[in-house]
1. R0 = 45 Å: FRET efficiency of A:Thr611 with A:Arg649, Cβ-based, nearest 0.05?
2. List the cysteines of the protein assembly as shown that have no other Cys Cβ closer than 4.7 Å: which are they?
3. Specify the longest stretch of chain B that does not include any exposed loop site, a site being one of the trypsin sites (Lys or Arg not before Pro) with a non-H, G, I, E, B DSSP assignment and at most 12 other Cβ atoms within 10 Å.
4. What dipole magnitude, in Debye to the nearest 20, does the protein assembly as shown give about its Cα centre under +1 on Lys/Arg Cβ and -1 on Asp/Glu Cβ?
5. I need the Kirkwood Rh of the protein assembly as shown: take the reciprocal of the average 1/r across all distinct C-alpha pairs and report it in angstrom.
6. Determine ³J(HN,Hα), in whole Hz, for all residues of the range A:370-377 in sequence, where each value follows from phi through the Karplus function 6.51 cos²θ - 1.76 cosθ + 1.60 and θ = phi - 60°; x replaces Gly and Pro.
7. Given charges of +1 on the Cβ of Lys and Arg and -1 on the Cβ of Asp and Glu, with all other atoms neutral, how large is the dipole of the range A:486-644 about its Cα centre, in debye to the nearest 20?
8. Extending each Cα 7 Å along its Cβ direction at A:Arg551 and A:Glu707, get the distance between those two points in nm, one decimal.
Amino acid sequence: MAECHPVGFQWVMEAKARGATLVHVDPRFTRTSAVADVHVPLRAGSDIAFLGGIVRYVLEHERYFRDYVVAYTNAPLVVGEAFADTEDLDGLFSGFDAKTRTYDQQTWAYETAGPGGPARRDDTMQHPRCVLQILRRHFARYTPELVERVCGVPEELFLRVCETIARSSGPERTTAFAYAVGWTQHTVGVQYIRTAAILQLLLGNIGRPGGGILALRGHASIQGSTDIPTLFDLLPGYLPMPDAARHAGLDAYVEAGRARGGLWHGTRSYLVSLLKAWWGDAATADNDFCFDYLPRITGDHSTYPTVQAQVAGRCKGYFVVGENPAVGSADAKLQRLGMANLDWLVVRDFSLIESATWWKDGPEIETGELRTEDVATEVFFFPAAAHTEKDGSFTNTQRMLQWHHQAVEPPGDARSDLWFYYHLGRLVRERLAGSTDDMDRPVLELTWDYPTTGPHGEPSAEAVLAEVNGVGADGRPVDGPGQLRDDGSTTCGCWIYAGVYAGGVNQAARRTPGSDQDWVAAQWGWSWPGNRRILYNRASADPDGRPWSERKALVWWDEDRGRWTGHDVPDIDPTLAPHQHVPAADGAPARSGGDPFVMQRDGKGWLFAPTGLVDGPLPAHYEPQESPFANALYAQQRNPVRQVLRDPRSRYHPRPGEPGAAVFPYVVTTYRLTEHHTAGGMSRWQPYLAELQPEMFVEVSPALAAERGLEHLGWATVVTARNAVEARVLVTERMAPLRVQGRVVHQIGLPYHFGPNGYVRGDAANELAGLALDPNVHIQEVKAFTADIVPGRRPRGAALPALVESYRRRAGIDAGTGGER
Amino acid sequence: MARRTPLGWPVLRQAAGPDRTGRGAAARAEGREMPRARTATADAVVKSVCPYCAVGCGQDVYVQDGRVVQIEGDPGSPVSRGRLCPKGAASLQLTTGPARRSAVLYRAPHATSWRTLDLDTAMAMVADRVVRTRRETWSWQEEGRRVRRTMGIASLGGATLDNEENYLMKKLYTALGAVQIENQARI
């Protein structure tokens, strides 16, 4: 965090100054480790074993927050008899279909009093099939000894972490976990976060000040681009994109949405208001508010399958907007080969990034795999406007929208992306004008009349924000999603952002200085939903509505006023008394003043997830797609439902123990540097930053340097079955060798910012990574894979692919390698 | 810069001038009348937010004569309290540096170099290609189910953009029937 979110890290240091204990878990010793009380180097890819070990410690030593757990989690609920755990099936859960490699989740359901009835509960949590007891059995083998064997973390150090966390949780204290893509970029990434969620729920650290699981996101509005998603499977506000099989029409869509429970009960209002925002008067009750105008998805259309479709020639046009896949996406070569097979490519950026210039100076031109004259792709480069040259909002990693104001006009033909898409839409509509083809109606009937200003005809960002916020039946901006209706009388571009323009005021532009406010600072920017700063904060009070402790008071029930109040906006219906239960009626779901987790159908925090995840109701430690070690816990080596994309250009390494596995003996992990940003488009062209971190390097321990003959400041070549890269060698004790399963494992650290363009150059670490993905969210596993490292620079020209091919042959790699269950 | 002379030595100034004790004007270094800070002469200070990571540090953008002359941390921000990291502190170079392009470039099929295009021409060309590719790759049905889409047009990016920009992108792409819309959030 000190490296990648340095200014946010000041608050960690403030906490430390007040007595907090700071534990840093990372394969590398970084600037965070330097100021932490404890640094725990662990093997990349082993975090579920590590966190699972803490879960076991908390359960075995009865250190969980019992009152919180009984009242606010599903620990007392009883799971059906048909459920079988990884302990029973040696690494699989019940419902696994070996042929399709998917889970049928039916057996993960609760036991109910009758069909459709409420789940059976045992508040003593003694029932052998209640969630708490299932957890005990599931994690029983995640002992300190096992953690040491899998993660390479000595027992004594591990127990110190366990005790620190347990001691720092409870009514008087809270513990927070902060993570970044070190947890997500795995074939089990979602289950990493789940393990942390289980731990934090057991300790009572969710919904309380100083608690939580904090995603430290790496782009100015990566949260916003998830909320208002440029993502294939979502519509604004986490409404799913319609699926051709499951959402035949508006009613089916709404029914599936409501089944998610909680505030999803309002799915029809949210979606109809969105459709009204997009298609205006054309959207009527008679035509299901133009639901049919939404294209349907039929599977995984995320970026890696899309790149494969480009290579195959099916996907022909590509917009790349403020992103640099030729450096920043896994298997960078495949990214470029995909672009080389397009009809047309549009790149919008500040400078000539690698994704814009690969056709004339990319790595494949040098190796001869591509010849510029043969590449038929038309390439457009549009210069982009900077944040100082446009109005707009970013949503930061705390869900807070902050408005930035335009200071100057962009230079030359540089324009904002708002300008580009508004005018592109206008030009496309001009071209389709008069068409009677049904396929053109969604474009022609789209509401697309934003006011423009200034010398360039810049559309008004504030008008767009007002559309996102929504307009009520009275014609005024809505104050929140509660005012949205399902009859077409309201509009709203993103229901969770409803309220950001309440009262016709740009709430995201509020800037009351922090020094003039209390610690919550509610008058700076605006957080969704409804300016709540801590989600599920009902859990900061006990079942009677009183703070668990004065030290940790956040919101509470005010008996005199008959409403919830406190420092933060209560994340619950403000008039729903702590023990009040409103039964389901008139189509509205039951609501309880005792349930903090308002997005869940039962209002509880889920220790066990009976639905929602495709790879299991509980996290289990699986080895990464590529690992030097067999799974010490189960016969099942890897996540059985992980996504392994097949491509002749992108191969995988053999399993440990197979012939050829030893060809790639080292663990690689990738990371960021303080002085650079993602794939370098906003940092390798800045002289200050270039000077601070001038060259691609590879971090290795002195022991690995000795083993492989690597010299400090010399060159090394790192090789995988995908590609080979060269880097300057940094021999450092920051990369500590670890003892795992009785032998030493070396880890190699690679920053991923560099590429061939800009002031500072180097090979891209993503040349090395393969296309094994988490099955829930389709994120690639770049935080743990295997490689070889040898001294010296990589070969040039055709000798480079020949080197990679020689490694494939030595390791016996073919089309089937790595795809085994 | 003015040529230095021995007459400027502090000891001579102390001996010859009115400040005999050497605790005032005589002790002042030459050049004390520094050029004023760019922030002091700016016409306007515009409130902004750092464009790099997702911490969301507040920025004050100083503008003079229609140009950004300095970017500093906003001390009022309860997020950042006026601080910026090395990247945030380099925002002035990011926004005003010479590496920024200001003209549209076009590479024709099989061409070996760029040529410049004027913006309107380029926009019209892209609009033509969107219309053409969409029509060529349009699909009403997939395995017997209605899909109403094109799998011929994809998009990558959004995490570095504004919410309002992401909104127009998703809205336009969805109306066009393009579904392969992605950004850094899952990369």
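Values quoted throughout were computed directly from the atomic coordinates according to the rules given, and no laboratory measurement underlies them. Worth saying up front: this structure is predicted, and the values here are computed from it rather than measured. Please note: Cβ atoms are built from the backbone with ideal geometry, for glycine as well, and neighbour counts cover all protein chains shown.
1. Working: r = 37 Å, r/R0 = 0.82.
Working from the Cβ atoms, E equals 0.75.
2. For the protein assembly as shown, the answer is A:Cys4, A:Cys130, A:Cys151, A:Cys162, A:Cys290, A:Cys315, A:Cys492, A:Cys494, B:Cys53, B:Cys85, because their Cβ atoms have no other cysteine Cβ under 4.7 Å.
3. Longest run free of exposed loop sites: B:37-187.
4. Value, rounded to 20: 2120 debye.
5. It is 29.9 Å.
6. Those phi angles translate into 10, 10, 3, 5, 8, 7, 8, 5 Hz.
7. Dipole size: approximately 340 debye.
8. Simple spin-label model gives 4.4 nm for this pair.
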